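*Asks:* Here it is, the structure, as structure tokens.
What follows draws every value from the coordinates through simple rules; no lab data is involved. Computed from a prediction, not measured in an experiment: that's the story for all the values here. Every residue, glycine among them, receives a Cβ derived from its backbone with ideal geometry; neighbour counts consider all protein chains shown.
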Amino acid sequence: MVDSPRRIQLPVPAARPRSHAERSTETRAAILSAVSESVAEVGFARTTASEIARRAGVTWGAVQHHFGGKDGMLTAVLEGSFNRFAERVESVPREGPLEKRVSLFVDRAWDHYSSADYRTANEILLHFHARDTPPRSRGSAKSFWPATPSRRSRASRACCFSREIPPTRWREI
């Protein structure tokens, strides 16, 4: 009869206590995840402060401590979505055949726009748009681009970039 090998048990190192910064980072991540999950599952209109706190396993006071309130929390969700999109797009190589680069860009953009992350960000943006737009102008194209100088100049600059107009001529537009 063959003896089975003996297992040696190594001592498990004691877990070090988490720092305040680590706990804070984990709490922020849990809250942002709870917002995204809730908006994706029940929609923005039914995502309440108590629902977010319940899903994150924290109190609403903790949410306010980390984000200052609902607008701060929603802004953080939007920033996170934008940053993840930027990371996806930036991972497309800048060198190589154009066809391959375009294909990779479209794939990465499609991954983002078909994700729950994008749907959540879109619902939040629609909420902010509806909140900041007078009822009679909702749904019109003008409501997205009001004729304020700052908005108009940003739109003009975006057109300039796409047409490769030199920045020295931006003021002429």
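*Asks:* Can you go through SER19, SER24, SER33 and tell me which one is within 22 Å of PHE128 (Cα to Cα) and among the hydroxyl-bearing types (Ser, Thr, Tyr)?
*Replies:* So the residue among SER19, SER24, SER33 that is within 22 Å of PHE128 (Cα to Cα) and among the hydroxyl-bearing types (Ser, Thr, Tyr) is SER33.
*Asks:* Filter segment 88-125 for residues that are closer than 21 Å to VAL39 by Cβ and not in a helix (DSSP H, G or I) and give the result.
*Replies:* SER114, SER115
*Asks:* Further question: Just one of ARG94, ARG46 is without any contact (Cβ under 8 Å) to a residue 60 or more places away in the chain, closer than 22 Å to ASP132 by Cβ and exposed (fewer than 12 other Cβ atoms within 10 Å of the Cβ); which is it?
*Replies:* Sole residue among the options that is without any contact (Cβ under 8 Å) to a residue 60 or more places away in the chain, closer than 22 Å to ASP132 by Cβ and exposed (fewer than 12 other Cβ atoms within 10 Å of the Cβ): ARG46.
*Asks:* Can you spot a residue in segment 69-84 that is in contact with a Ser or Thr (Cβ under 8 Å, 6 or more places away or on another chain), in contact (Cβ under 8 Å) with a residue 12 or more places away in the chain and not charged (D, E, K, R)?
*Replies:* yes
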